[in-house]
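J.: Submitted below is the structure of interest, expressed as structure tokens.
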Amino acid sequence: MGDANTSRRKRRKRCKPKSISPVPTKLVILTLDGDLKQHGFRVTLDIGLEGIAADPDHSLRREATGSLPPAPQLLDDLQRWQLNYRDAIGQSIVNQNAIEQEAITPTRGLKPRRISYGGSINPVEACQQSTHSVAKQFQEWLRSESFQMVNMRLREGLNREDFIRVVIRTQDLAVAQLPWHRWDLVERYPYADVAFSPLASELLAPLAVNPRPKVKILAILGHSQGIDTDRDRRLLENFPGVEVTVLDNPQRRQINDQLWQQPWDMLFFAGHSESLPETEQSVAQGRLYLNADVSLTLEDLRYGLKKAIANGLQIALFNSCDGLGLAQSLSDLALPQLIVMRERVPDPVAQSFLDYFLQAFSYGQPFHLAIRDARERLQGLEDRYPCASWLPLVYQDPAFVPPTWQELTAVQEPKLSFQATAMISGIVAGVVVAMRLAGWLQPLELKGYDQLMRWRPVQPPDDRILLVTIDETDIGQQSADLRRGTSITDGDLEKLLTVLNHYDPRVVALDLYRDFSVDPSYVHLKHLLETQAQLVTPCQFGRQPPNQGIAPYPELSPQQWSTRVGFTSGSIDEDGILRRALLSRMPPRGSVCPAEYSLAFVTALHYLQQEGMTLEWTDESDRKLSINQVVFSPLKRHSGGYHQALGTGQQILLNYGTGRQPVALTVSLGDVLADRVSPEWIRDRIVLIGNTDPSFKDFHGTPYTRRYSEKMAGVTIQAHTVSQILRTVLDQEPLIRTWSQWGDGLWILAGAMVGGGTIWLFTKQRTQAWGIGLAVVGLTGSCYGALLVGVWLPWIPGAIALTLTPFSTLLYQRFTKFTEQ
């Protein structure tokens with residue numbers, strides 16, 4: 001835009017209306033069938049959302065019916081107001097221009113009106129009194145008892161914060177002349193306004209808005225004797241964002257050709273006009289005066305107007321006098337929006353209204369609120385031109401959703417080439433991959449992994465495992481001195497192992513630390529610990545020197561350590577979540593725990609050995625654990641979402657069967673000692689024994705943990721690990737594995753290409769937003785489905801690349817457009 005327009009835009013900024021967020025508009029259709037003078041009106045009220053009136057499957061909801069009585073006195077007062085208004089306007093213009101009493105009144109009506117002074121009341125005062133009388137009687141008419149059900153249901157269906165477009169359908173022109181803008185509904189609801197529609201209009205399918213670089217306006221400047229239409233021309237031509245074609249004092253053929261040959265968004269007329277009175281043979285018609293010699297009715301342009309409407313004409317503004325006849329003439333053409341003046345309009349009022357309306361509309365106000373703002377701003381002229389705010393009137397077809405200025409000028413940005421889009425997608429993918437490898441995305445990726453885990457369906461408990469817990473109640477029933485700092489006394493441990501052995505379990509695993517010898521009085525317990533081959537016991541590595549950890553049970557000989565001792569140390573992430581199971585590692589230097597395999601892994605091996613399966617190591621340079629040809633591929637740096645050092649040892653992702661119900665059948669120590677346990681729960685099963693008393697602080701966060709109370713006991717995590725190993729080897733359930741770095745990189749690149757391709761393929765912003773949203777949903781579903789079959793895909797990096805690429809593409813478009821300017 002040139003400098004002149006730029007400076008004009010800056011000047012207009014002082015008048016910018018308050019920005020309103022786009023919200024759904026409620027459409028209220030009030031049908032008044034009858035007449036004001038003799039019979040009154042049958043009233044029906046329909047309320048719905050804007051745009052549904054043309055959809056037979058979503059018709060407006062009938063809210064209420066009622067009636068309004070005939071009001072001949074109101075009609076008489078309205079006609080008296082019209083006479084007083086015309087006298088007052090003539091008087092005001094004479095006073096403003098200091099001209100002779102016989103001078104022609106410069107309004108946009110054709111016929112000059114002579115001003116006469118007579119009587120004791122000034123014409124302006126008489127107009128003001130008539131205005132007050134009509135407004136008062138109008139309010140009383142709307143308070144008629146027969147209308148109150150409609151009025152009540154109307155208020156119940158609306159809120160003060162709603163955008164409300166009220167369309168009154170009627171055939172009585174007198175109804176449109178009433179001051180509906182003074183209705184308390186409009187006064188009290190700041191985002192409401194009233195328009196009119198003929199009763200017989202059809203609810204047609206809405207026309208599509210065809211956005212263009214600028215709003216195209218066909219401006220017809222007609223007969224201008226005594227008025228200044230050049231100011232209208234200048235206002236339109238200097239207004240930013242419009243393309244104006246001006247026909248000055250045109251011939252009928254010129255108008256018709258323009259209507260046929262080009263698409264228009266808005267038709268504007270300024271000049272003299274009048275409404276021809278309704279007769280028994282014809283309805284009221286409007287007549288436009290093109291010049292001193294030529295006039296026509298809108299019927300004379302019928303086919304040209306139909307063509308223009310079919311080509312997208314949205315708004316017609318007849319900024320001239322006495323426009324109700326014009327509205328009547330256009331009633332059957334389904335013109336979406338028609339703005340007329342109900343009475344003779346002084347030149348300054350007409351020009352101010354045009355300026356105010358274009359300002360409000362172009363700054364983003366919805367059409368009906370732009371009309372309301374422009375109309376209410378005219379009150380500032382009423383010290384010179386009485387009732388100026390009464391003049392603007394809108395006729396609408398209810399089926400059409402009024403366009404916004406932005407919709408009319410929703411110019412599509414030039415589409416980037418496919419090569420440029422691919423280049424941007426590649427750059428974004430590269431940045432995301434680099435951030436990922438640097439570890440910056442690891443916290444987000446781990447949280448995303450947790451969410452995918454929580455979405456998985458609940459798995460049934462593993463019937464190969466029995467979990468025996470020593471809870472707070474069990475501990476409270478034992479002597480603290482006899483427990484010696486542990487969760488179970490020698491006597492109760494002896495009873496427990498004796499009962500379990502009686503029912504022949506396949507493996508018994510104790511997740512209970514005992515680095516002290518058994519009390520000599522419990523000889524049988526000492527014997528069980530020394531000789532029971534299926535009994536697995538724990539030890540623990542020290543976290544840091546000089547902490548040497550916790551040693552194995554003293555009753556076990558060093559020859560038994562390799563088969564009956566497993567470490568319980570785990571791999572906890574920085575956020576306190578245990579997502580990995582450490583299966584094997586060399587004991588740290590200085591540790592008193594000699595175990596090379598975890599307690600869970602040793603326990604599972606004992607169970608599997610009775611199935612004829614043994615542990616092997618692969619022959620690769622990077623050796624891996626293997627059971628029955630099932631390889632436990634360990635995690636490495638840059639596996640999945642892990643990009644920082646993971647420590648030593650063979651680690652796998654811990655596939656929690658579920659975090660919302662027990663991993664296995666669970667009983668308490670008291671249940672076993674009281675013989676409340678079925679032998680079938682023990683026979684040929686793995687029995688895991690551990691404490692769940694919070695005072696021992698053996699609780700850890702898992703992907704299912706959102707609060708402290710949801711942390712999982714250590715023995716339960718051991719059960720999950722054992723169950724995962726058994727499911728992997730015996731049930732062929734895959735381990736959770738990850739792709740290579742190249743595979744992850746290609747996945748991220750694919751996400752970026754989808755995001756960039758959406759912007760390249762679609763041009764409308766709404767379609768682009770929907771496309772990106774659906775792509776994110778598809779990406780999430782793919783990652784979730786992959787995890788169900790044991791593959792952890794880079795969900796978060798893929799989503800970042802997918803959403804960042806469109807943003808980068810649009811930013812690049814803006815930058816290149818700016819540099820070109």
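J.: With the requirement that a residue be among the small types (Gly, Ala, Ser) and in contact with a Gly (Cβ under 8 Å, 6 or more places away or on another chain), what does the stretch 705-720 give you?
T.: 713, 714
J.: Can you find a residue that is at pLDDT below 90, under 28 Å from residue 28 (Cα atoms), open to solvent by 60 Å² or more (accessible area, probe 1.4 Å) and under 38 Å from the mean Cα position of the chain (by Cα) anywhere in the stretch 188-198?
T.: No, the stretch 188-198 contains no residue that is at pLDDT below 90, under 28 Å from residue 28 (Cα atoms), open to solvent by 60 Å² or more (accessible area, probe 1.4 Å) and under 38 Å from the mean Cα position of the chain (by Cα).
J.: Also, quick follow-up: Return the pairs, sorted by first residue and then second, in which the second residue is of a type outside the set (Phe, Trp, Tyr) and open to solvent by 30 Å² or more (accessible area, probe 1.4 Å), the first residue lies in the stretch 763-778 and is under 24 Å from residue 793 (Cα atoms), the beta carbons are less than 6 Å apart, and the residues are 6+ apart or on different chains.
T.: If the second residue must be of a type outside the set (Phe, Trp, Tyr) and open to solvent by 30 Å² or more (accessible area, probe 1.4 Å), the pairs left are 775/754.
J.: While we're on this one: Please verify whether residue 402 is open to solvent by 10 Å² or more (accessible area, probe 1.4 Å), outside any strand (DSSP E or B), in contact with a strand residue (DSSP E or B) (Cβ under 7 Å, 6 or more places away or on another chain) and of a type outside the set (Val, Ile, Thr), treating the condition exactly as stated.
T.: Answer is yes for this residue.
J.: Any residue at all in the stretch 365-379 that's open to solvent by 10 Å² or more (accessible area, probe 1.4 Å) and free of Cβ contacts under 8 Å to residues at least 12 places away in the same chain?
T.: yes
J.: So is residue 695 touching a residue at least 24 places away in the same chain (Cβ under 8 Å), farther than 30 Å from residue 742 by Cα, open to solvent by 30 Å² or more (accessible area, probe 1.4 Å) and small (Gly, Ala, Ser) or not?
T.: When the stated conditions are applied, residue 695 passes them.
J.: Okay, moving on. Taking into account only those residues within the stretch 536-569 that are of a type outside the set (S, T, N, Q), open to solvent by 50 Å² or more (accessible area, probe 1.4 Å) and at pLDDT 90 or above, which is farthest from residue 512 (Cα to Cα)?
T.: 558
J.: Next question. Scan the stretch 491-512 and report the pairs whose first residue is under 12 Å from residue 524 (Cβ atoms) and whose second residue is polar (S, T, N, Q), with Cβ atoms within less than 8 Å and a gap of 6+ or a chain change.
T.: Within 8 Å, the pairs are 497/532; 501/532.
J.: Turning to a different aspect of this structure: Determine, yes or no, whether residue 767 is in a helix (DSSP H, G or I), polar (S, T, N, Q), more than 20 Å from residue 441 (Cα to Cα) and open to solvent by 40 Å² or more (accessible area, probe 1.4 Å).
T.: When the stated conditions are applied, residue 767 passes them.
J.: From the list 803, 809, pick out the single residue that is open to solvent by less than 30 Å² (accessible area, probe 1.4 Å), touching a residue at least 40 places away in the same chain (Cβ under 8 Å), farther than 14 Å from residue 452 by Cβ and assigned to a helix (DSSP H, G or I).
T.: Unique residue meeting the criteria: 809.
J.: Another question, if that's okay. Filter the stretch 702-740 down to the residues that are charged (D, E, K, R) and part of a loop (DSSP other than H, G, I, E, B), then identify the one that is modelled with the lowest pLDDT.
T.: 707
Per-residue answers, yes or no, for (1) open to solvent by 10 Å² or more (accessible area, probe 1.4 Å); (2) in contact with an Asp or Glu (Cβ under 7 Å, 6 or more places away or on another chain):
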{"position": "586", "(1), (2)": "yes, yes"}
{"position": "590", "(1), (2)": "yes, no"}
{"position": "596", "(1), (2)": "yes, no"}
{"position": "599", "(1), (2)": "no, yes"}
{"position": "608", "(1), (2)": "no, no"}
{"position": "619", "(1), (2)": "yes, no"}
{"position": "625", "(1), (2)": "no, no"}
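J.: Turning to a different aspect of this structure: If you go through the stretch 223-252 one residue at a time, how many are part of a loop (DSSP other than H, G, I, E, B), modelled with pLDDT under 90 and over 38 Å from the mean Cα position of the chain (by Cα)?
T.: The total comes to 6.
J.: Within the stretch 86-96, is there a residue that is surrounded by fewer than 16 Cβ atoms within 10 Å (Cβ to Cβ) and at pLDDT below 80?
T.: Checking the stretch 86-96: at least one residue is surrounded by fewer than 16 Cβ atoms within 10 Å (Cβ to Cβ) and at pLDDT below 80.
J.: Would you confirm, using the coordinates I've provided, whether residue 634 is open to solvent by less than 60 Å² (accessible area, probe 1.4 Å), within 30 Å of residue 451 (Cβ to Cβ), assigned to a loop (DSSP other than H, G, I, E, B) and modelled with pLDDT under 95?
T.: The answer is yes for residue 634.
J.: Further question: Can you name the residue in the stretch 495-529 that is of a type in the set (Asp, Glu) and open to solvent by 40 Å² or more (accessible area, probe 1.4 Å) and, of all such residues, is nearest to residue 720 (Cα to Cα)?
T.: Ranking the candidates gives 504 first.
J.: Keeping to the stretch 714-755, report how many residues are farther than 15 Å from residue 598 by Cα and open to solvent by less than 30 Å² (accessible area, probe 1.4 Å).
T.: 12
Residue by residue, here is whether (1) in contact with a Pro (Cβ under 6 Å, 6 or more places away or on another chain); (2) outside any loop (DSSP other than H, G, I, E, B); (3) open to solvent by 10 Å² or more (accessible area, probe 1.4 Å); (4) in contact (Cβ under 8 Å) with a residue 24 or more places away in the chain holds:
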position	(1), (2), (3), (4)
648	no, no, yes, yes
656	no, no, no, yes
680	no, yes, yes, no
684	no, no, yes, yes
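J.: Filter the stretch 779-798 down to the residues that are open to solvent by 20 Å² or more (accessible area, probe 1.4 Å) and either assigned to a helix (DSSP H, G or I) or free of Cβ contacts under 8 Å to residues at least 12 places away in the same chain (or both) and list them by number.
T.: Correct list: 780, 781, 782, 784, 785, 788, 795, 796.
J.: In the list 779, 761, 810, which residue meets the criterion of being closer than 30 Å to residue 653 by Cα and out of contact with any Phe, Trp or Tyr (no Cβ under 6 Å at 6 or more places or on another chain)?
T.: Answer to the selection: 779.
J.: Could you identify the single residue in 751, 690 that is out of contact with any Cys (no Cβ under 7 Å at 6 or more places or on another chain) and part of a helix (DSSP H, G or I)?
T.: Sole residue among the options that is out of contact with any Cys (no Cβ under 7 Å at 6 or more places or on another chain) and part of a helix (DSSP H, G or I): 751.
J.: I'd like the residue in the stretch 257-291 that is more than 18 Å from residue 220 (Cβ to Cβ) and not hydroxyl-bearing (Ser, Thr, Tyr) and, out of all such residues, is modelled with the highest pLDDT.
T.: 276
The values are calculated or read from the model by the stated rules, or taken from the named source; none is laboratory data. None of the values given here were measured: they were computed from a predicted structure. Using ideal geometry, Cβ is built from the backbone for each residue, glycine included, and neighbour counts are taken over all protein chains shown. Ligands, DNA and RNA are stripped out before the accessible areas are found, and what is left, the full protein with its side chains, is counted by its heavy atoms. Shrake-Rupley method; radii C 1.70, N 1.55, O 1.52, S 1.80 Å.
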